[in-house]
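Derivation of every value follows stated rules applied to the coordinates shown; laboratory data play no part. Computed from a predicted structure; not experimentally measured. No Cβ is skipped: glycine too gets one built from the backbone with ideal geometry, and neighbour counts run over all protein chains shown.
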Amino acid sequence: MQGQQIPTDFTTESLTKRVAFLEAALTEKDAVICEKDAAISDKSADLLKLSAELQAEKFKYAQLQRMIFGSKRERFISSTFPEQFKLDLEPKALEIEQAVEAERETIRIAYERKKVKRAHPGRLALPSHLPVVETIIEPIEDTTGMVCIGQEVTDELDYTPAALHINRTIRPKYITKEDELGNQKQVIAQLNRPIYKCMASAALLSMIYTDKFIFHLPYFRILQRLSQMGVLIPTSTFESWVKLGAQHIKLLFTVHRLYVFSEIYQQIDESPIKVQDKDKPGGLHQGYMWVRYAPLSKSVLFEYYKGRSPIEPLRDLSKFKGYIQTDGYVGYTHLAEASGLTHLSCWAHARRYFDKALPNDLQRASKVLKLIQLLYAIEALAREANMTKEQRYALRLEKSLPIINEIGSYIYNERNRVLPKSPIGVAFEYCANRWISLQNYLKDGMLEIDSNLIENSIRPLALGRKNYLFAGNHEAAESIAMFYSFFGTCKKNEVDPQKWLTYVINNINDTKPSQLKELLPQFIDKTLLK
């Protein structure tokens, strides 16, 4: 409309033109305003997106700072004052919390002792089974003609450094006199050695393996310890001992694997391990330890695979009937669809997402964390009361199920009110995608609320990685899996691993295949290890 002159006369024709001119100008201005509004709307959307991305980056930065400098614990402490609980919690959650506290108080009163001021118990009593070396110190004064009226006894705990010695077995050889044909018969006792032509005894091999897989010492440090004891062992000889010892008990590991696979309730997880491989760039291959834990028999099973794909490790589950509990790794999601298999997710992993979301959305994350705390309080109550699986099943249906329903309702109502990619949105999505498997632990009292038991079983592997860094080859990684399986099972069943392994090395050759089960740490008679 620019460049056109507005009519100044007041004839009907000029007024009509003027009205048309003004209407056109108004339409043009409206179009410009709409264009500006659209641009502003686009800029606002971009601003919101950038703000969300900035919050996400700030969250990642805070998580990195926490990983590097912060505490690794995930303990949640509510910032709400106790007297304000009634303002923050809905009546239903408060009622459940009070019921749980009432149950806990009932059990606590039954075992609580009257508090009295006790005298100091005195110094630690030393174990009676230890040998005693006595030293008598006489006074420097002349005691001739004096009568001994008593004695002062002082005990201290001493240490004798480990020492090597030689077991020398001597077998006399006998021969008969010649008979009429000039024949003679030679007689010698049979030598029963567990590992043919191996100079290391069962006890020495057990010490080497426990130092490696329980105390996480690299083999070269164990060689240094042996040299300090006065014996220089060539590296090739030492490696031969380690290999022969592993081969000697490999048959027992096959039996152990069969028994773990037969358990109806298993927890499964995986953890990486680096393995030397000349065919790989850099010389290191990223392998994985797939770990199973059977809570009913307290059995641990490590298996080494070259990759993280669950196809091979979980192949046996195609015919499995029972319960499988895992973390949130996507490779396990297909388990929920398997016939005859009940998949359980882990509440500890779900809780971790809400713990991370606290800086992002304190109100929503705190709400869910408080309810999860109640779930764990109920589990603690069952443990303290030493409940049977039937009692724990009934307790969960009465106390835990209403809380889980409340968590589910809250997630359903709040899920669409938060940004999907925000930390709290990710936490909601994680639980929503696994909601059925998170509830499945309620189906049987023998089941656990989380997979922390298997997480604890993997911890020795994580400690070992920091000390010996990698396995020498793929065969060595398989041996590592075997020893972590046996020693992890020993720990769960309170069996001395060094005594157990010494007994197994000495007796496995004389044990029938049908009786190998009796050598496994979860089934062995502990009186044999004294």
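Could you sort out which of LYS492/LYS526; LYS60/LYS280; LYS197/LYS250; LYS491/LYS512 sit more than 24 Å apart by Cα distance in this structure?
In this structure, LYS60/LYS280; LYS491/LYS512 lie more than 24 Å apart at Cα.
Counting only pairs 8 or more residues apart or on different chains, how many lysine pairs in the range 347-442 have their Cα atoms under 25 Å apart?
Final tally of qualifying lysine pairs is 8.
Sort SER400, SER457, SER14 by Cβ crowding within 10 Å, fewest neighbours at the top.
Fewest to most other Cβ atoms nearby, the residues stand as SER14, SER400, SER457.
For the range 146-218, run through the trypsin sites (Lys or Arg not before Pro) and keep only the ones in DSSP coil with at most 15 other Cβ atoms within 10 Å of their Cβ.
Hits after loop and neighbour filter: ARG168, LYS177, LYS185, LYS197.
So how tilted is helix 497-507 from the main axis of the chain? Cα-based, degrees 0 to 90, rounded to 10.
50 degrees
Let me check I've understood the local charge: for MET199, count other residues with C-beta under 15 angstrom from its C-beta, Lys and Arg +1, Asp and Glu -1. What total comes out?
Net charge around MET199: +3.
Would you mind telling me the antiparallel percentage of the DSSP bridges in the range 285-429, rounded to 5?
Within the range 285-429, antiparallel bridges account for around 65 percent of the total.
When the convex hull of the Cα atoms of the range 408-506 is projected onto a plane and the area is averaged over all directions, what value comes out in nm²?
10.7 nm²
What label, among (1) 21, 54, 22, 2; (2) 15, 35, 28, 13, 6, 3, 1, 0, 0; (3) 19, 40, 21, 15, 5, 0, belongs to P(r) over Cα pairs in 20 Å bins from 0, in percent computed from the structure on display?
Only one option fits the structure, namely (2).
With unit charges on the beta carbon (Lys/Arg positive, Asp/Glu negative), name the residue among LEU461, TRP435, CYS490 whose Cα is farthest towards the positive pole of the charge dipole of the range 413-502.
Value computed over the given set: TRP435.
Please give the FRET efficiency for ARG417 paired with LEU529, using the beta carbon to beta carbon distance and R0 = 60 Å, rounded to the nearest 0.05.
That gives a FRET efficiency of 0.50.
If one takes the longest principal axis of the Cα atoms in the chain, at what angle in degrees, from 0 to 90 and to the nearest 10, does the Cα axis of helix 423-433 lie?
70 degrees
How tilted is helix 250-261 with respect to the longest principal axis of the chain? Cα atoms for both, answer in degrees (0 to 90, nearest 10).
Taking Cα atoms only, the helix is inclined about 40 degrees.
Indicate, rounded to the nearest 5 percent, the antiparallel portion of the DSSP beta bridges found entirely in the chain.
Within the chain, antiparallel bridges account for around 70 percent of the total.
Evaluate the relative contact order of the chain (contact order divided by residue number), counting alpha-carbon pairs under 8 angstrom at least 6 apart; express in whole percent.
18 percent
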